[in-house]
Structure formats: C-alpha cells, structure tokens
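**Student:** I have a structure here, written as structure tokens, and I will follow up with some questions on it.
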Amino acid sequence: MLKARSSGNAVADRRFAYAMAYKAGGDPASAAELVVQALDEAPDWAAGWLALGDLNETLGRRREAIDTYRQALRLDPADEAGAGARLARLGEMPPDGAMTPAHIAALFDEYAPRFERSLVDDLSYRGPALLRMALEGIGRNGPFQRALDLGCGTGLVGEAFRPLCQDIVGVDLSAAMLAKARAKQVYRQLEQAEIADFLLRQAADSADLILAADVFIYLGDLDNIFHQAARILVSGGLFVFTIQSHSEPAAFILNHDLRYAHSRGGIENWVTGAGLHLRHLDDAWARTDRGMPVPGQVVVLER
Ligand SMILES: C[S@@+](CC[C@H](N)C(=O)[O-])C[C@H]1O[C@@H](n2cnc3c(N)ncnc32)[C@H](O)[C@@H]1O
C-alpha cells in the first residue's frame, strides 16, 4: 500500500476500498476477488498486486502469493511496496537486501506521524535507554565529541544522548521521520541517506561514538557496517546497538514479521573480521509485541 494508496483509477480504487472492508471484516476470500477486479481496471498498480499477494498468503495460496509478489516487483523494481521482503520470507529470494531503501523510506514516511505514540506508549520501547545503560555498565558515560546516530528516526536516541555528546549527526532514509527529528533540535546535522552510503562518506577516525537503536532489524548482513565503523571510529571509540536475536546457526534470518534477527555467533564473527572488540553483549528486549518482550540483545563494540 504505502505511498501508492491510489491506483490512479477511480473504479479500481473503489473496488479496492470494498476489498479492504471485507478483509477487515474477516473475509479474505471476498477481499481477494475484489482486488482481482480492481487489478482488471488498473493492471499496472504494484501496491494492488502486493495486497493480493498478502491475501493469497492469508488464504494459504502460496504459489499464487509468489506469482502476485513477483508481478508487484516487475511493476516496481525499486520495490516501495515490499514484495521482495515477502518473497524472501517465502524462501523465494535471498534474505539479505530484501528490504529495499525505497520500501523502508515509504514504510516510515507513513509511520512517522504515529511512530512515537505507537512505539513508546503501546510497545514499551526502550532502545535509547538500553544504549545508555550499556555504556554506563562499562563505565563510559562520555563526554563524546562526535556521535553518529544510524537510523535516527524521530530523534529519540538524539534526545537521550544529547547531554553526553558535543555533536550528534543523524541519518535516516525517511524524510518524514527526519522532519520529526529536526524539530527536536538535538542534532548538529541530519542526512537523508542509506546507512552504508552515509558511512562510506565519513572520514576515518572522525567519530568516537556510533549508535543504532532498533535499526539492524532492517539490515541483514552487518559485515560491511562493522568494517565501516572500525574505519570511522577513533581508537577507543564505541559502537552501541540493539538487535533482535535468534538462536539458529545462521548469522541472520528474516523473521515472519519482516524484521531481521541476528545470532550471537554471527555478531562475534563480524566483530573479529572488522578488528573490533566486543565489550558487552547481553540479552535485553527493546520493545514488546502483543504484550510480550521481543527477544533481543544490546551490544557494545570498541575500536
Ligand atoms: C524502528 S525505527 C528506530 C528509530 C530510532 N533509532 C529510535 O530508536 O527511535 C528504525 C529507523 O531506521 C531507519 N532505517 C532503517 N533502515 C535504514 C537504512 N538502511 N538506512 C537508513 N535508515 C534506515 C528507518 O527509516 C527508521 O526511521
């Protein structure tokens, strides 16, 4: 759905609206029929194909779901709608890179107006507090000269770390999330960019703190990020982040909820490969899901 809420065809939009009403009313089969009718009117509407894929999945029609997601991806190769992540979840695409920058930006542009209420109030979010507690736990409370906040969102991490840092630079893909962060006036600079691209542009030895709260759930392979962090951090600089955890052998998996989870072994391998040092890795949940803490960890690495 996301940005492409409208197909651009009034008849298709009306059928789609009826379809969503049937879906909300617990009748995915009728909803799917109506989406098919909407797509007869607007066959190039990627978000419509994605919605049909979701309904097919709900109905247990795996083969049809795969075909409809593939059609969405053909129509929108940048994949704002998120067909790639769904195909990866179904085992039809490699998980790494399945969440495209266009999809993340669209997801959070839509989420931004209710992000803090939903995350903090409804899901008991405590990512920024976990990062601070982890640093306190190893006796490193700043002051820090230049901190980078990866996936800064609406600026909750910036707010929490403002008293400890001279400058904080935030980066995020979502313009709407960045607008909220800007309004907090806690960042020296905010950039709309993908994290890996942003890191590549940072000079060597140019930061003494890198922060990432609840962001690596959108990134699979962290090897490149860890190498970049090792290059950018000054000696003794710290890289603090939360992850959603899992205990399978793979370094990372894409969960059913379309979020990545990382394993302790995977993190340790990337740390060693990047020449960083593991200072702290402990179980800690950053938010809840349906009232239950989501298993996770908070990690502190040192250059
Ligand atoms: C769950 S929010 C967390 C925001 C913030 N760190 C906090 O603790 O409140 C995740 C944020 O990361 C951003 N994001 C996810 N993947 C990204 C990427 N590859 N590059 C830049 N931003 C990304 C999203 O746009 C979103 O604003």
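The values are calculated or read from the model by the stated rules, or taken from the named source; none is laboratory data. The shown structure was predicted, so the numbers you read here are calculated from the model rather than taken from an experiment. Every residue, glycine as well, gets a Cβ built from its backbone with ideal geometry; the counts of neighbours run over all protein chains shown. Each accessible area value is taken on the protein alone, full model and side chains, heavy atoms only, with ligands, DNA and RNA left out. Shrake-Rupley method; radii C 1.70, N 1.55, O 1.52, S 1.80 Å.
**Student:** For region 143-154, enumerate the residues that are free of Cβ contacts under 8 Å to residues at least 60 places away in the same chain and away from the ligand (no atom under 11 Å from the Cβ).
**Tutor:** Pro143
**Student:** Please find, within region 95-141, the residue that is least open to solvent (accessible area, probe 1.4 Å) out of those that are charged (D, E, K, R) and touching a residue at least 12 places away in the same chain (Cβ under 8 Å).
**Tutor:** Asp109
Matching residues to (1) charged (D, E, K, R); (2) under 28 Å from Leu123 (Cα atoms); (3) surrounded by fewer than 21 Cβ atoms within 10 Å (Cβ to Cβ):
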position: Gly237; (1), (2), (3): no, no, no
position: Ile267; (1), (2), (3): no, yes, no
position: Leu281; (1), (2), (3): no, yes, yes
position: Thr288; (1), (2), (3): no, yes, yes
position: Val294; (1), (2), (3): no, yes, yes
position: Glu302; (1), (2), (3): yes, no, yes
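**Student:** Something else about it: Which residue, of His246, His256, is more than 9 Å from the ligand (Cβ to nearest atom), surrounded by fewer than 23 Cβ atoms within 10 Å (Cβ to Cβ), under 19 Å from the mean Cα position of the chain (by Cα) and touching a residue at least 60 places away in the same chain (Cβ under 8 Å)?
**Tutor:** His256
**Student:** Is at least one residue of region 120-133 at pLDDT below 95, within 12 Å of the ligand (Cβ to nearest atom), out of contact with any strand residue (DSSP E or B) (no Cβ under 6 Å at 6 or more places or on another chain) and hydroxyl-bearing (Ser, Thr, Tyr)?
**Tutor:** Yes, there is a match, as at least one residue in region 120-133 is at pLDDT below 95, within 12 Å of the ligand (Cβ to nearest atom), out of contact with any strand residue (DSSP E or B) (no Cβ under 6 Å at 6 or more places or on another chain) and hydroxyl-bearing (Ser, Thr, Tyr).
**Student:** Tell me, which strands (runs of 3 or more DSSP E) wholly within region 251-303 include 1 or more residues that are β-branched (Val, Ile, Thr) and closer than 27 Å to Arg117 by Cβ?
**Tutor:** Of the strands (runs of 3 or more DSSP E) lying wholly inside region 251-303, those with at least 1 residues that are β-branched (Val, Ile, Thr) and closer than 27 Å to Arg117 by Cβ span 296-302.
**Student:** Examine region 150-164 for a residue that is closer than 24 Å to Arg287 by Cβ and charged (D, E, K, R), and state whether such a residue exists.
**Tutor:** yes
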